[in-house]
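The next block holds one structure in the form of structure tokens; read it before the comments.
The values are calculated or read from the model by the stated rules, or taken from the named source; none is laboratory data. In this text, all values refer to a predicted model and were calculated from it rather than measured experimentally. Positions of Cβ are generated from backbone atoms using ideal geometry, with glycine treated the same way; all protein chains shown enter the neighbour counts. Areas reflect the complete protein model, heavy atoms only, side chains present, ligands, DNA and RNA absent. Shrake-Rupley method; radii C 1.70, N 1.55, O 1.52, S 1.80 Å.
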Amino acid sequence: MAASDKSDSVERVRAALLQAGHADTIAMFPDGTRTAQDAANAVGCTVAQIVKSIVLRAGERPLLVFTSGANRVDVKKISASVGEQVAPADGRCVRDNPGFAIGGVAPVGHASSMRVFIDADLVALDPVWAAAGSRRHVFRTRGRELERLTGGEIADVKE
């Protein structure tokens, strides 16, 4: 793992982590982490310990789901939780709402507030690794810590 660079998105995540009383555990990978498996290989953990960030829309409202890298999100379960049909967000929605490029959506440091769901499978894992504002940056935390950092709802979100 290499030292972190100074991109605005990564610095926004770093500031949010520190403000929440979380250690700065951000690491950079020169080749990037485009898939959960790439991230697991780079970090040296199981794919289940990688936090995938999925941005969905309920009408015009964005939603954020954090799931284990080993799982797929069941949009029907999310739809039932919010009481209306949800669909994948497009790139503009991702860029405008959490405020990150696809592949770098972090649990913290968002441009706007969103309802957050956390895969119940993540809660028991320690450590987990989540995106830190770019496809090349991740940070280490605990599954249970995601709930505190995001105010998210623990839910069964997997297919």
Here the qualifying pairs (Cβ atoms under 7 Å; residues six or more apart or on different chains; first in the stretch 46-61 and closer than 17 Å to residue 135 by Cβ; second of a type outside the set (A, V, I, L, M, F, W, C) and surrounded by fewer than 17 Cβ atoms within 10 Å (Cβ to Cβ)) come out as 47/37
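Among the listed residues 82, 116, identify the single one that is in contact with a strand residue (DSSP E or B) (Cβ under 9 Å, 6 or more places away or on another chain) and farther than 11 Å from residue 55 by Cα. Before you say what the answer is, go through the steps one by one.
Values: 116 fails: farther than 11 Å from residue 55 by Cα.
Step by step, each of 82, 116 is checked, and only 82 is in contact with a strand residue (DSSP E or B) (Cβ under 9 Å, 6 or more places away or on another chain) and farther than 11 Å from residue 55 by Cα.
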The correct count of residues that are open to solvent by 20 Å² or more (accessible area, probe 1.4 Å) and either part of a loop (DSSP other than H, G, I, E, B) or closer than 20 Å to residue 24 by Cα (or both) in the stretch 148-159 is 6
